[in-house]
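What follows is a single structure, written as structure tokens, with notes after it.
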Amino acid sequence: MIASVAEQLPLIESDISHERKSFDVLASVNMMQFDVEHFGAVLPETRQRVRDEELSLLVEGVDRAAKTTFVLRTEGNDVVYFDKGKWRSYTGMLMTGKEVAQEEAKQDYRRKFLLDEAMMHLSKVYEMRKLRPGEQMVWASPYSQDVEDAYGAAFLRSCGRFPERKMGFIYRAFRNPAGDIVLESQTVDRSNAASFRAVHRYATTQPGAEMEQLVSVYDTELTAQTGNNYFAGRLEAERNENAWETLLAQTDLIEYMLSKLEVISARNVSRSELEEQTKRHMYGVWATFKKRIDGESVQYYNPNPAQQYIPAVHIAMLEYEVARNFNEFVAQGRVMVGCGGSISILDKDNVMSADSADVFSSIFGSKESDADCDYISKACPMCGTKNVSTMDKKIAGNRRRISGNCGCSMNYTKK
């Protein structure tokens, strides 16, 4: 299967690394604009190249979306999250979710498991509110295999679950030195009871465990059972295939993305206007891909491969969908967590002037870089000292050294 996908998307590695090194959101428009100026239209070969490069970028987003970070600030006895330009009660949001789940369970008794999950998450927020700086808690939410056994995979799929992957979650919440609670969630495939138990044991004995360590424990137990190597419960081939297949299924959005880029490239506007139009379009496309990947919106039109164009009515619907998602993204603001837990907010006042790489990370989730990083660690995993000034430095390749002012240090391999 991977071979066929690769044939559909022949990557131009040298070109991709050159164009994307600085994350130039105008790279595709620049290529198309050159064709328009010299040939009067965008050449098919250029259109294919733009398609390959944009999807190559997006597949990175699909893979990194597995881990999300949510920052909760303390206000009185509650914790709040940033949404639509305001800090709102996180507890209140979960209570609303519980009420919605109750109504759904009344209408369809099979959905009671969603109510159980909502009540579990609500109980966890009350536990999180009691955390002190340097403390953390870890828990898991396995795939609901019992529900699939009782009502079928199609039902679970309609509830936004992933039966093909048996996807579960590992959660980690800690209060940082600034007093904020950082909540991390990580998807894991092959929901495995022994692996989740191993994670629980490790978290109990290692109170400062990072999410990457917890995932490694999960994978190690899976490897012991099967002899295969995993990352977050997935084989390497599955990771690539899942990402490409997820993107390739969004045929209408891919076609709309390319068609609109062609239209923008042919406009006689200033460079600043060209950049703003391109950002509005691409940020809306990115946000729409993310919503579809997360099951928050669905594809309503699947173009026929033999068709040379998308009917005007569907173009209008896509235009509305993408514009709406861009406006939602700009209006709601995003909390970004940097090295060592530093926090900044990407909102309507700075989104158009922000670095495109920051916007991409804000939509799809952050990706760890190879850069050196210094921060305050809540606890040294070796000696237990609290609030340690920590340095994480690259040694060579994927080998790194982490050291603290407590005197402890260790080398590790970054996956």
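The conditions are (1) within 20 Å of Asp294 (Cβ to Cβ); (2) surrounded by fewer than 18 Cβ atoms within 10 Å (Cβ to Cβ), and Glu148 fails exactly one of them. Which is it?
(1)
So which residues in segment 67-119 are closer than 30 Å to Leu214 by Cα, among the acidic types (Asp, Glu) and in a helix (DSSP H, G or I)?
Asp116, Glu117
Just checking, how many residues over segment 271-300 are of a type in the set (Ser, Thr, Tyr) and more than 22 Å from Val351 (Cα to Cα)?
The number of residues fulfilling the criteria is 2.
Does segment 234-245 contain at least one residue that is among the small types (Gly, Ala, Ser) and at pLDDT 90 or above?
Looking through segment 234-245, none of the residues is among the small types (Gly, Ala, Ser) and at pLDDT 90 or above.
Filter segment 191-218 down to residues that are closer than 23 Å to Gln145 by Cβ and within 19 Å of the chain's Cα centre (by Cα), then give me how many there are.
Qualifying residue count, segment 191-218: 2.
Specify the residue that is surrounded by the fewest Cβ atoms within 10 Å (Cβ to Cβ); the eligible residues are those in segment 266-295 that are part of a loop (DSSP other than H, G, I, E, B) and modelled with pLDDT under 90.
Asp294
Where residues in segment 218-230 are in contact (Cβ under 8 Å) with a residue 24 or more places away in the chain and part of a helix (DSSP H, G or I), which of them is surrounded by the fewest Cβ atoms within 10 Å (Cβ to Cβ)?
Gln225
Among (1) over 20 Å from Asp355 (Cα atoms); (2) at pLDDT below 75, which single condition is His314 missing?
Unmet for His314, out of (1) over 20 Å from Asp355 (Cα atoms); (2) at pLDDT below 75: (2).
Tell me, please, whether a residue that is at pLDDT 70 or above, closer than 30 Å to Phe169 by Cα and small (Gly, Ala, Ser) can be found in segment 326-339.
Taking every residue of segment 326-339 in turn, at least one turns out to be at pLDDT 70 or above, closer than 30 Å to Phe169 by Cα and small (Gly, Ala, Ser).
Among the residues of segment 157-185, count how many are over 13 Å from Leu131 (Cβ atoms) and polar (S, T, N, Q).
So the count comes out to 2.
Considering Leu58, Leu43, which residue is buried (at least 19 other Cβ atoms within 10 Å of the Cβ), in the same structural domain as Glu328 (by TED's automatic domain parsing), among the hydrophobic types (A, V, I, L, M, F, W, C) and on the phi < 0 side of the Ramachandran plot?
Leu58
Show the residue pairs that are 6+ apart or on different chains and have beta-carbon atoms under 9 Å apart, the first residue being within segment 379-401 and outside the structural domain of Ala203 (by TED's automatic domain parsing) and part of a loop (DSSP other than H, G, I, E, B), the second being at pLDDT below 70 and among the acidic types (Asp, Glu).
Asn398/Asp370
The values are calculated or read from the model by the stated rules, or taken from the named source; none is laboratory data. Fair warning: this is a prediction, and the values are worked out from it, not measured in the lab. Heads up, the Cβs are rebuilt from the backbone with ideal geometry, glycines too, and the neighbour counts pull from every protein chain shown.
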